[in-house]
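Encoded as structure tokens, the structure appears first; notes follow it.
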Amino acid sequence: METETDSDGQRHRRVGVLYILIAATLWGALGPVSKVAFVEGVAPLAVAFWRAFLGWVFFFVHAVLRRSVMIERRDMPGVILFALVSVSGFYGSYQLAVHYGGAARAAVLLYTAPAWVAIMAVLFLRETVRVRTVVSVVIAIIGVAMISFSGAGQGRLVGSAPWIGIVFGLIAGFTYALYYIVGRRFLDRYSSVTLFSWILIVGAAALLPFVSLRIPSLRAGFALLFIGFAATYCAYIAYSLGLVRLRSSQAAVIATMEPVVAALLAYAFWQEYLGLSGYIGAVLVITGVVIQSTRS
């Protein structure tokens, strides 16, 4: 017989799953919506800048309302490094990956992050090499290779320069992995709202010299607002709310819906097609994520 406590626990987990799915859906829409801004004349790095800046506005207001804006002065150098890697580097490389290689491919390559984390954990954190880790990394590498060689010469091949897109997609995955490696010490000491109210504005400032602030059309403005508010602020908040209700490994597996959503939206609105081997490679990359994320 199910007790009231069990029922509350299940409802708690279902709400957590819903929050993670909302975050994954919003992140999955990031690439396809970014392409709207590209078509309207906004450069990839400008999209990255507006994502960071507009996201910062919402996080900063949130932090002020919570009265949790300040960080310790001794942490400032590390926070700046964190911002340069995980905002300027990650946001910029991801938008370039979407521009050159397509939204679907960029989203899948982003999910090489767990493989990068596993490799860096072994090299720099001296973690034990486990069979599960090796298997997940190998599967992910095979998946990336299949994506890289997919659809060569096809008329519907996504992006204007797929190989450049692949390189930037892998860089995005690597810099996203550094979010966990570099940010571990800060995420344990500050709330995500406080941390994002700092790293987003620093990351935006680093991108500013490389962009034009002109927004060419109302359509581009709405796309950028969606990216900054929904795909950044709301997505991170939803993911955080899901994390407090689920184990990190569960959240990571559910979040693999992101590249699925990206692929569906990219195909529906932009007719992006990865080819059979590309989709098989995408499944392998996600499989590697699941294997790595579900370890005890």
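Yes or no, residue by residue, for (1) modelled with pLDDT under 90; (2) part of a helix (DSSP H, G or I); (3) of a type outside the set (Ser, Thr, Tyr):
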residue: Ile199; (1), (2), (3): no, yes, yes
residue: Gly203; (1), (2), (3): no, yes, yes
residue: Pro216; (1), (2), (3): no, no, yes
residue: Gly221; (1), (2), (3): no, yes, yes
residue: Phe229; (1), (2), (3): no, yes, yes
residue: Ala235; (1), (2), (3): no, yes, yes
residue: Ala252; (1), (2), (3): yes, yes, yes
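What pairs come out if I take residues in the stretch 262-285 that are farther than 10 Å from Arg105 by Cβ and among the polar types (S, T, N, Q) and pair them with residues that are outside any helix (DSSP H, G or I) and at pLDDT below 85 whose C-beta lies under 9 Å away, six or more apart or interchain?
Close Cβ pairs (under 9 Å, with a partner that is outside any helix (DSSP H, G or I) and at pLDDT below 85) amount to Gln271/Arg156; Gln271/Val158; Ser277/Phe149; Ser277/Ser150; Ser277/Gly151.
For the stretch 69-93, which residues satisfy the criterion of being of a type in the set (A, V, I, L, M) and either touching a residue at least 60 places away in the same chain (Cβ under 8 Å) or not in a helix (DSSP H, G or I) (or both)?
Val69, Met70, Ile71, Val79, Ile80, Leu81, Ala83, Leu84, Val85, Val87
List every residue pair whose Cβ atoms lie under 8 Å apart, where the two residues are 6 or more positions apart in sequence or sit on different chains, the first residue falls within the stretch 211-229 and is of a type in the set (S, T, N, Q), and the second residue, located anywhere, is surrounded by fewer than 21 Cβ atoms within 10 Å (Cβ to Cβ).
Ser212/Ala43; Ser217/Glu40; Ser217/Gly41
With the requirement that a residue be touching a helix residue (DSSP H, G or I) at 6+ places or on another chain (Cβ under 6 Å) and either closer than 19 Å to Ala145 by Cα or surrounded by fewer than 24 Cβ atoms within 10 Å (Cβ to Cβ) (or both), what does the stretch 258-269 give you?
Our first condition is that a residue be touching a helix residue (DSSP H, G or I) at 6+ places or on another chain (Cβ under 6 Å); within the stretch 258-269, this holds for 258-259, 261-263, 265-266, 269.
Of everything in the stretch 258-269, those that are touching a helix residue (DSSP H, G or I) at 6+ places or on another chain (Cβ under 6 Å) and either closer than 19 Å to Ala145 by Cα or surrounded by fewer than 24 Cβ atoms within 10 Å (Cβ to Cβ) (or both) turn out to be Pro259, Val261, Ala263, Leu265, Phe269.
Residue check: is Ala48 in contact (Cβ under 8 Å) with a residue 24 or more places away in the chain, closer than 20 Å to Ala255 by Cα, buried (at least 23 other Cβ atoms within 10 Å of the Cβ) and of a type in the set (A, V, I, L, M, F, W, C)?
On the way: in contact (Cβ under 8 Å) with a residue 24 or more places away in the chain: yes; closer than 20 Å to Ala255 by Cα: no; buried (at least 23 other Cβ atoms within 10 Å of the Cβ): yes; of a type in the set (A, V, I, L, M, F, W, C): yes.
No: the conditions fail for Ala48.
Identify the residue in the stretch 254-287 that is aliphatic (A, V, I, L, M) and assigned to a loop (DSSP other than H, G, I, E, B) and, among all such residues, is modelled with the lowest pLDDT.
So the first thing to find is which residues in the stretch 254-287 are aliphatic (A, V, I, L, M), and the list is 254-255, 257, 260-266, 268, 274, 276, 280, 282-286.
Next, from what is left, pick out any that are assigned to a loop (DSSP other than H, G, I, E, B): 255, 274.
Working: Ala255: 81, Leu274: 77.
The qualifying residue modelled with the lowest pLDDT is Leu274.
The values are calculated or read from the model by the stated rules, or taken from the named source; none is laboratory data. Just so you know, these numbers come straight off a predicted model, no measurement behind them. As a convention, Cβ positions derive from the backbone with ideal geometry for all residues, glycine included, and neighbour counts pool all protein chains shown.
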